[in-house]
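This report concerns only the one structure given below.
Every number here is computed from the coordinates shown, using simple stated rules; none is lab data. It should be emphasised that the depicted structure is a prediction, and the values quoted were computed from it without experimental measurement. Please note: Cβ atoms are built from the backbone with ideal geometry, for glycine as well, and neighbour counts cover all protein chains shown.
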Amino acid sequence: MLQTIQPGGVSGGPEGPRIRVGHLIHTMAYGGIETALLNWIRTMDRRRFEVTLICFDNPGATQAPFVEAAARDGIAVELVGWSRRKPILRAARELAAIARRYRLDLIHSHNTYANLVNLAAARISRHRTVNTLYVWSNGLGFVRSALQWADRLTMPFFDQVTAHCQETFEATVKLGMQPERLRLLVCGFEAKVAHLSSEERARRRAELGAAPEDLVLINVARFWPEKAHDVLLNGFARILARVPTARLWITGVGPEEENIRKLCTTLGLDSRVSFLGFRTDLAELLAQADIQVHPSDVEGVPLAICAGLAAGLPIVATKVGGLPEVIRDGVSGVLIPPRNPEAFAAAVVRLAGDEMARRRLGAAGQRFIDEEYSLKAATRRVERLYEEILARTAAGTRRQQPAAGAEEVWTGVRR
């Protein structure tokens with residue numbers, strides 16, 4: 001049996017018994033949400049918290065990259081059975097059994113199916129329930145719209161609802177959630193920066209097909225429709241016509257990859273585009289690139305962008321979701337309208353011809369991550385919220401109460 005993360009021999013911290021927390025996630029491809037969750041777990045105070053990570057066991061084992069990433073961080077994962085038939089009640093019984101085995105005080109769920117299973121399991125094991133809402137968006141197709149509808153309907157039944165970024169917070173309030181019953185939990189970021197010598201950088205770039213004079217663009221995103229890889233490639237075709245030395249590296253996995261590879265071939269870009277798949281050496285890859293590009297349609301706050309900021313890369317990204325919360329247009333990056341390959345290309349071409357601007361934007365992004373988006377501070381907010389939920393329970397009030405102060409609604413980042 002896989003074990004939860006437990007600090008050996010410690011029965012409690014200076015403030016009393018440890019709180020037993022479960023995190024439940026339904027992951028189809030390893031990405032920013034998964035990374036943020038692992039970062040929180042790694043950073044939590046082991047004297048005060050015992051954490052059990054729980055993941056759906058999907059058909060085709062699509063959760064494998066996430067489970068492997070957790071293992072690299074020393075985090076074991078409990079699996080809950082799942083199938084294309086969406087067996088919510090069966091999964092809820094399995095989750096309730098895990099909750100009882102580890103005597104979990106609360107379970108924090110991520111993504112719609114995890115939220116539904118969490119609520120159902122709580123009727124059996126009586127644990128407290130927390131969810132995090134990541135994005136609200138239109139135009140994502142019937143299935144995704146139905147999942148958002150389910151999230152909207154189930155929000156009132158959680159002991160605590162949280163939002164991933166200020167944009168999602170405000171959208172959730174517009175959907176009817178009272179702001180005093182909602183909390184903001186930003187992901188934060190722990191900068192992992194690779195420092196390569198000029199010789200090592202050149203060698204590694206050459207291994208990936210980049211010549212010394214090439215301008216390397218990098219995109220880090222899972223292959224999902226809202227990541228707009230079609231805009232990325234159509235924009236890159238325009239860039240290549242004006243900057244013949246441009247080269248594009250695309251990292252990530254997901255169900256849209258085959259379609260995007262076909263589009264790349266159709267556009268005649270195969271010789272200048274490299275699909276690098278799922279990578280565990282992101283910091284090293286970013287250190288080899290010249291500009292990060294992210295023309296997605298829908299976002300919260302992608303950790304891939306935080307990684308690019310930490311690496312000192314100039315970034316061209318769409319002005320959607322939580323991206324304006326971490327990129328200041330013209331200061332630490334360039335924000336463009338979504339679904340606009342020409343605007344995307346024009347922004348990249350401008351930066352391609354202005355090395356000083358690239359350095360200025362990159363330096364500002366590094367300062368932002370170092371000074372204003374700390375993972376430690378973000379994790380402390382998560383911990384305080386868990387403590388508050390259990391304190392409310394002890395006082396006999398299960399549902400969310402008004403926030404103690406305005407700081408609970410502040411992102412900690414500049415708007």
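Quote the charge dipole size of the chain about the Cα centre in Debye, to the nearest 20; the model charges only the Cβ of Lys and Arg (+1) and of Asp and Glu (-1). Mind showing how you got there, number by number?
Numbers: 54 positive and 45 negative charges, 221 e Å.
Dipole of the chain, to the nearest 20 debye: 1060 debye.
Run the numbers for D329 and A194: contour at 0.36 nm per residue of separation, minus the present Cα-Cα distance, in nm.
On the way: separation 135, 0.36 × 135 = 48.60 nm, distance 2.53 nm.
Here the segment from D329 to A194 would lengthen by 46.1 nm.
If r is the Cβ-Cβ distance from R242 to F157 and R0 is 45 Å, what FRET efficiency results, to the nearest 0.05?
So the FRET efficiency works out to roughly 0.25.
Tell me the label-point distance for the pair R72, N138, using the 7 Å Cα-to-Cβ offset, in nm and rounded to one decimal.
So the two model labels end up 4.0 nm from each other.
When we measure straight from the Cα of K319, which aspartates and glutamates land under 18 angstrom away, once same-chain ones fewer than 8 places off are left out?
Within the straight-line cut-off, K319 pairs with E167, E170, E226, D230, D297, E299, D329, E342.
Between G333, A120, P244, whose Cα lies farthest towards the positive end of the dipole of the chain when Lys and Arg beta carbons carry +1 and Asp and Glu beta carbons carry -1, centred on the Cα centre?
It is A120, whose Cα lies furthest towards the positive end.
Putting +1 on Lys and Arg Cβ atoms and -1 on Asp and Glu Cβ atoms, find which of C264, P65, V220 reaches farthest to the positive end of the dipole of the chain.
Farthest towards the positive pole: P65.
Quick check on the chain: of the DSSP beta bridges with both residues there, what percent are antiparallel, nearest 5%?
Here the share of antiparallel DSSP bridges comes out near 5 percent.
I'd like the FRET efficiency for R47 and M356, computed as 1/(1 + (r/R0)^6) with the beta carbon distance as r and R0 of 35 Å, rounded to 0.05.
0.15
Amide H neighbours of S109 under 5 Å, at least 5 residues apart or on other chains, H built in the peptide plane: list them.
L24, V130, N131, T132
Considering the options S198, F344, V301, tell which one lies farthest towards the positive end of the dipole of segment 198-372, charges being +1 on Lys and Arg and -1 on Asp and Glu at the Cβ, about the Cα centre.
F344
Specify the residue with the greatest mean-square fluctuation among K319, K262, K376, computed from a Gaussian network of the chain linking alpha-carbon atoms under 10 Å apart.
K262
Given 0.36 nm per residue, what is the gain on full extension from A61 to K174 after removing their alpha carbon distance, in nm?
Taking 0.36 nm per residue and subtracting the Cα distance, the gain is 37.0 nm.
Got the relative contact order for the chain handy, in percent, Cα pairs under 8 Å and 6 or more residues apart?
Contact order relative to length: 15 percent.
How far apart, in nm, are the 7 Å Cα→Cβ label points at R85 and S145?
Placing both labels 7 Å along Cα→Cβ, they lie 2.9 nm apart.
So what is the 222 nm mean residue ellipticity for the chain from helices alone, if each DSSP H run of at least 4 adds -39500 (n - 2.57) and you divide by all residues, rounding to the nearest 500 deg cm²/dmol?
Details: 15 runs with 174 residues, N = 415.
About -13000 deg cm²/dmol.
Quick one: of K227/K262; K174/K227; K192/K376, which pairs are farther than 19 Å apart, Cα to Cα?
Violating the 19 Å Cα-Cα cut-off are K174/K227.
Across segment 169-183, in residue order, what do the Karplus-derived ³J(HN,Hα) couplings come to in whole Hz, using 6.51 cos²θ - 1.76 cosθ + 1.60 with θ = phi - 60° and x for Gly and Pro?
Here the 3J(HN,Hα) series is 4, 5, 5, 5, 5, 5, 7, x, 7, 5, x, 6, 9, 10, 10 Hz.
Convert each backbone phi in segment 81-89 into a coupling constant with the Karplus relation 6.51 cos²θ - 1.76 cosθ + 1.60 (shift: θ = phi - 60°), then list the ³J(HN,Hα) values in order as whole Hz, x for Gly and Pro.
Going residue by residue, I get x, 8, 8, 5, 7, 6, x, 4, 5 Hz, with x marking Gly and Pro.
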